[in-house]
Protein chains: 2
Amino acid sequence: MSDLSSLAQPHVPALHAYTPGLQPTESGWVKLNTNECPYGPSPRAAEAIAAEIANAGDKLRLYPNPTSAPLRKFVAKLHGLAEENVLIGNGSDDVLNLLVRVFGGPSAVTAFTLPSYSLYPVLVAIQNGSVKAVEFDRSMRLPVDAIAASGAKAFFLTSPNAPTGVAFAPAEIEAVLQRFDGILVVDEAYAPFANADCVGLLAKYPRLVITRTLSKAHALAGLRVGYALAHPEVIGLLDRVRDSYNVNRLSQAGALAALSDTGYYDAIIGKINRTRDHWSAEWSERGWFTYESQANFIFTEPKNAAGEAGPAVAKSLYEFLLSRKILVRYFPSHALTASFLRISVGTDDEMLAVEQAIQAWLAK
Amino acid sequence: MSDLSSLAQPHVPALHAYTPGLQPTESGWVKLNTNECPYGPSPRAAEAIAAEIANAGDKLRLYPNPTSAPLRKFVAKLHGLAEENVLIGNGSDDVLNLLVRVFGGPSAVTAFTLPSYSLYPVLVAIQNGSVKAVEFDRSMRLPVDAIAASGAKAFFLTSPNAPTGVAFAPAEIEAVLQRFDGILVVDEAYAPFANADCVGLLAKYPRLVITRTLSKAHALAGLRVGYALAHPEVIGLLDRVRDSYNVNRLSQAGALAALSDTGYYDAIIGKINRTRDHWSAEWSERGWFTYESQANFIFTEPKNAAGEAGPAVAKSLYEFLLSRKILVRYFPSHALTASFLRISVGTDDEMLAVEQAIQAWLAK
């Protein structure tokens, strides 16, 4: 090890950074790999940002509101909660990071299901904590017993889950809360696309933390805004490790304006869900095993022309799509995901382009 | 301790969050308390942000460039360095946080001078590290011997220093680098206002890290952009703990446009420095001990009408200014700062308002 690395905490040089999905810089791609929204955000977001940069951007010389107070207040109202139940983050990744910094660390076990969002183990490793992965089986039913027995200080549960799209009913989450005695983080990044969410459980279970993002349903991945909903004492702990100016002026203004436009988002979420259900049904009928998704993506197990499924088949379709500038996500590293592709729900045209490419692949 | 706090890392419930300077939300204040720029940013910043939100903000639905690549490249060029020498942060506070997460931690000593930026001990405490403070004496000369003997893995040195404004010459910093064997972080938040900076030392000293912010000289505190300049191996370590989408689209675009407008900033930095030197001289001539500032603020030890200085006098003037809606900064917690006020350099009108209030205070 070099002199420089030897000055770092001993676990740091061995860390592997999280690998985000490809963000191609050139145009011409059908980009269905990072669950972005195929439709633009509420126009109110751009209007609010334009207002914030009026007078040649003069307001930008001043620091933002350190607690994102107006946005925080609005989010609280939206969910029927108090301000003290809300913390605003620089994307929900910021919030997840704060949760690990508070409840993880060298002396704690931090747990999550496998498969789920691959950022969790990265955040735990940065904090030099111990990781416990609770495995799903192919049914993707919630392993309540294993979660209860995990011994974790904090458990991260993605619902609807990624990359499967499978949602867990509030009653199932409640069963976990009754038996697991640590902090249960329900990562609801995709909840706006689902039939139900867990916000109603917050009043009864102080150990429940819900995280949300504006990157998916609200089409604001470029703005980096997410939040936590939790008991005021948990919010207070997160606030102790939060950067005091973590969310900038434009993100605060744009997010607040977007969230106020519920009618706009009801419409695009409805459209995305119809597109999702259409293609999920289409591919299921073709004989491809496809989980019932309540998110803005479809996790499907392709079969080739010979009717075979498996990692080689999934990889073949992934590469074929790539060669046609269609970007989807392939997760080869786990047995439960290696035969599948995750395809973000795009516009009708984008989905047709995928289907036409699949037809061409089948006809090869 | 409650059940919830007992689930946190043991050191977390006892943490005290950093206290940012007051950010009044109502208008009518002369706000000279957080070293913001009294002039707006380059108009190019707002233009670039407006371009990024064209078409009703459609681009906001896509994630930002994960490494802020175009901005990173530009910053490198600006300082005559390679891309691999640069890391872009969500404000320089983000960069300082990453430095502590890499080089701090429970088994390390992290050190800094006292007084200096009060965020450093907060960041070290979050990471459960040990703190060593190296005290200045009233001369504010750099305590090279004490820094060399600090035993720290990383030492944070603010130059020009806050809240004094005193800058350390590159030769003094080099003397530290020759004798201190840890990572030396020179926090150059205020370097654009100074006669010299340490960028030229990077090629010779791989243990030197320089941090910069766009919040002060570039009038973009509201946008949250800062960066680190360092050896590629250090940048690589920081990148392992960095949030993959830490800087949003609008901040990347606005910062790049602002940095390209060097002529604009040369002019406002020149104006701020002239205003600073004028009032520093004025107050010195009145018999108030005033450090020679190379930053965008003045640290001065007021004397009352009876010619007395001291904490009670400084506090009295602070409160008198506050009663006239003039906000400056008072640091009562350290013997070397308690008799002083730190006044950010404002516009000519704002500085006149301060002077008139001082006259009224003296005539009380």
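The values are calculated or read from the model by the stated rules, or taken from the named source; none is laboratory data. Remember, predicted model here, so these are calculated numbers, not experimental data. Methodologically, a virtual Cβ is constructed for each residue, glycine included, from the backbone with ideal geometry; neighbour enumeration extends over all protein chains shown. What goes into the accessible areas is simple: the full protein's heavy atoms, side chains included, and nothing from ligands, DNA or RNA. Shrake-Rupley method; radii C 1.70, N 1.55, O 1.52, S 1.80 Å.
Does the stretch A:55-100 come out rounded, prolate or oblate, given a ≥ b ≥ c as the square roots of the eigenvalues of its C-alpha gyration tensor, rounded meaning a/c under 1.5 and, failing that, prolate meaning a/b above b/c?
Numbers: a/c = 2.93, a/b = 1.48, b/c = 1.98.
Note, shape of the stretch A:55-100 comes out oblate.
Is there a quick way to get the dipole size of the stretch A:43-261? I mean about its Cα centre, with the Cβ of Lys and Arg at +1 and of Asp and Glu at -1; what is the value in debye to the nearest 20?
Details: 20 positive and 20 negative charges, 54 e Å.
So the dipole magnitude of the stretch A:43-261 works out to roughly 260 debye.
Accessible surface of residue B:135 in the full protein assembly, 1.4 angstrom probe, to the nearest 10 Å²?
Accessible surface of residue B:135 is approximately 100 Å².
Find the sum over both chains of the accessible area lost when A and B are paired, probe 1.4 Å, and report it in Å² to the nearest 100. Kindly include the intermediate steps, with their values, before the conclusion.
Details: alone 16160 and 16170 Å², together 25790 Å².
Between A and B, the summed buried area is about 6500 Å².
So for the stretch B:41-161, Kirkwood radius off the Cα pairs, Stokes-Einstein at 37 °C and 0.692 mPa s: how many µm² s⁻¹? Walk me through the intermediate numbers first.
Details: Rh = 17.3 Å.
For these conditions, the coefficient is 190 µm²/s.
Using the structure shown, list the pairs from B:216/B:271; A:315/A:364; B:132/B:216; B:325/B:364; B:31/B:216; A:325/A:364 with a Cα-Cα distance above 20 Å, or answer none.
On the way: B:216/B:271 14 Å; A:315/A:364 15 Å; B:132/B:216 27 Å; B:325/B:364 17 Å; B:31/B:216 14 Å; A:325/A:364 17 Å.
Pairs exceeding the cut-off: B:132/B:216.
With a probe of 1.4 Å, find how much accessible area the stretch A:43-261 has per residue, and write the answer as a whole number in Å².
On the way: 6520 Å² over 219 residues.
Normalised by residue count, the accessible surface of the stretch A:43-261 is 30 Å².
List the distances, in nm and shortest first, from the label point of residue A:145 to the matching label points in every other copy, placing each point 7 Å from Cα along the Cα-to-Cβ direction.
Spacings between copies for this position, smallest first, are 6.9 nm.
How about the stretch B:237-263: which of its residues lose at least 30 Å² of accessible area in the presence of all protein chains relative to their chain isolated, using a 1.4 Å probe?
Residues passing the criterion (a loss of at least 30 Å², heavy atoms only) are B:237, B:240, B:241, B:243, B:244, B:245, B:248, B:250.
Using a 1.4 Å probe on the protein chains only, how many percent of the accessible area of chain B belongs to carbon and sulfur?
On the way: 6780 of 12900 Å².
Within chain B, the accessible surface is 53 percent carbon and sulfur.
Report, to two decimal places, the Cα Rg of the protein assembly as shown normalised by 2.2 N^0.38 Å (N = number of residues). Kindly include the intermediate steps, with their values, before the conclusion.
Details: Rg = 26.8 Å, N = 728, 2.2 N^0.38 = 26.9 Å.
Its radius of gyration relative to the 2.2 N^0.38 Å reference: 1.00.
Would you please state the base-10 log of I(q)/I(0) at q = 0.17, 0.20 1/Å for the stretch A:155-310, with intensities from the Debye formula using one equal scatterer on every alpha carbon?
-1.08, -1.29
Which one of A:296, A:161, A:55 has the biggest mean-square fluctuation once chain A is modelled by GNM with Cα springs under 10 Å?
A:55
Out of all DSSP beta bridges in chain B, what portion is antiparallel? Express it as a percent rounded to 5.
On the way: 15 of 35 bridges.
DSSP beta bridges in chain B are roughly 45 percent antiparallel.
For the charge dipole of the protein assembly as shown, defined by +1 on Lys and Arg C-beta atoms and -1 on Asp and Glu C-beta atoms about the Cα centroid, which residue among B:30, B:221, A:105 has the Cα displaced farthest towards the positive pole?
It is A:105, whose Cα lies furthest towards the positive end.
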